[in-house]
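Comments concern the structure below.
The values are calculated or read from the model by the stated rules, or taken from the named source; none is laboratory data. Just so we're clear, the structure is a prediction, and the values are computed from it rather than from any experiment. Counting neighbours? That spans all protein chains shown, and the Cβs are built from the backbone with ideal geometry, glycine included. Side chains are part of the model used for accessible areas, which takes the heavy atoms of the whole protein and leaves out ligands, DNA and RNA. Shrake-Rupley method; radii C 1.70, N 1.55, O 1.52, S 1.80 Å.
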Amino acid sequence: MNLGLKILREIALFGTCAILTAIVGLIVVDQIAMPIYVRQGVEVAVPDLIGLTPSQAQARLQDKGLRMKEREPRWDTSVPAGQIVWQNPSALSHVKPNRTVYVASSLGQRLHAVPDLLNRPLRQAQLWIAQADLTVGKVTEISSSEIKEGNIIDHKPKAGEKVAQGTQVELIVSTGPPRAYVNMPRVTELKLDEARRLLLSLGLQPNNIRYEFSTAYEPDVVIRQEPESDTPIKRGSPVLLIVSKL
């Protein structure tokens, strides 16, 4: 009887140990092994962060179990300054939990300072405008007693203004001191010397003279002129005279 009881007790003890071992095994599988196994196969979709502020993006990523790291900000014309303009991995990509998502914020549209073009030659002004990533706009010419002919009197936008890339800069260029206009006199059928004296007295320059054979006029007589008579012409302008010769 003692032997039988001993055997029964050993069997009961063995069964109890087996049950406890099974329970412990199930707990380990349920609490440790299964989560690891499940976690290894889980991926999350990266949210779209473009247009969010860094703090908004950080919160959005934390909700997904992801991390965030910021890169250098960059210029961008489409996304306002302070908002996310770039991310990697891209939106809707599937990644493992705890993955780092890199982002960069927008600096907004890059602005360019208008150079100081006052009293600069037109060619130099055009070069400086191009170097500033701007473009030459309308060019207007007016007379000036103070600014040398061919130099910039004024420009718009003004020097130092910050404008967008490609903005047109309008220029006003000097034509030099104002010169009065006179009406071109009629010098045809006058002797060359007489015609020249008349033109010089009006501040014109009759230095362009050409000769043509003609039997209708005596030699050294003006047979044609450019400009024609009664044409408004600036003082100092050249005049072409066609003179007869035999």
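General observations
- Each residue of the range 135-152 was assigned a 3J(HN,Hα) from its phi angle through the Karplus expression (A = 6.51, B = -1.76, C = 1.60, θ = phi - 60°), giving 10, 7, x, 5, 10, 10, 10, 9, 6, 7, 7, 9, 9, 4, 4, x, 9, 7 Hz with x at Gly and Pro.
- Here's the list of lysines a cross-link from Lys156 could span, going by alpha-carbon distance under 17 Å and ignoring same-chain residues fewer than 8 apart: Lys138.
- Under the convention that each Lys and Arg Cβ holds +1 and each Asp and Glu Cβ holds -1, the size of the dipole of the range 84-190 around its Cα centre is about 540 debye.
- Residues whose amide H comes within less than 5 Å of that of Ser93, counting only those at least five positions distant or on another chain, are Val46 (H built at 1.01 Å from N in the peptide plane).
- In the assembled protein chains, Val79 presents an accessible area of approximately 20 Å² (probe radius 1.4 Å).
- Length gained on full extension, Lys245 to Asp48: 62.0 nm, using 0.36 nm per residue less the C-alpha separation.
- Sum of side-chain charges, Pro177 neighbourhood, beta-carbon under 12 Å (Lys, Arg +1; Asp, Glu -1): +2
- Sparsely packed trypsin sites (Lys or Arg not before Pro) within the range 106-159, loop by DSSP, other Cβ within 10 Å at most 16: Arg110, Lys148, Lys158
- Note on Thr140: accessible area approximately 50 square angstrom, rounded to 10, probe 1.4 Å, nucleic acids and ligands left out.
- Mean accessible surface per residue for the range 88-246, computed with a 1.4 Å probe while every protein chain stays in place, in Å²: 61 Å²
- Beta bridges assigned by DSSP with both partners in the range 156-246 are antiparallel in approximately 55 percent of cases.
- Residues of type aspartates and glutamates that Lys158 reaches as a straight line, Cα spacing below 15 Å, ignoring anything fewer than 8 places off in the same chain: Asp116, Glu170
- Long-range amide H partners of Arg224 with built H, under 5 Å: Ile242
- Ranking by accessible area, most exposed first, for Ile153, Ile142 with a 1.4 Å probe: Ile142, Ile153
- Considering only beta bridges that DSSP places wholly inside the range 100-222, some 60 percent are antiparallel.
- Within the straight-line cut-off of under 17 Å between alpha carbons, the lysines reachable from Lys69 are Lys96, sequence neighbours fewer than 8 places apart in one chain being disregarded.
- Accessible surface of Trp128 - all protein chains present, 1.4 Å probe, nearest 10 Å²: 70 Å²
- Trypsin sites (Lys or Arg not before Pro) restricted to DSSP loop in the range 68-105 with at most 12 other C-beta within 10 Å: Arg71
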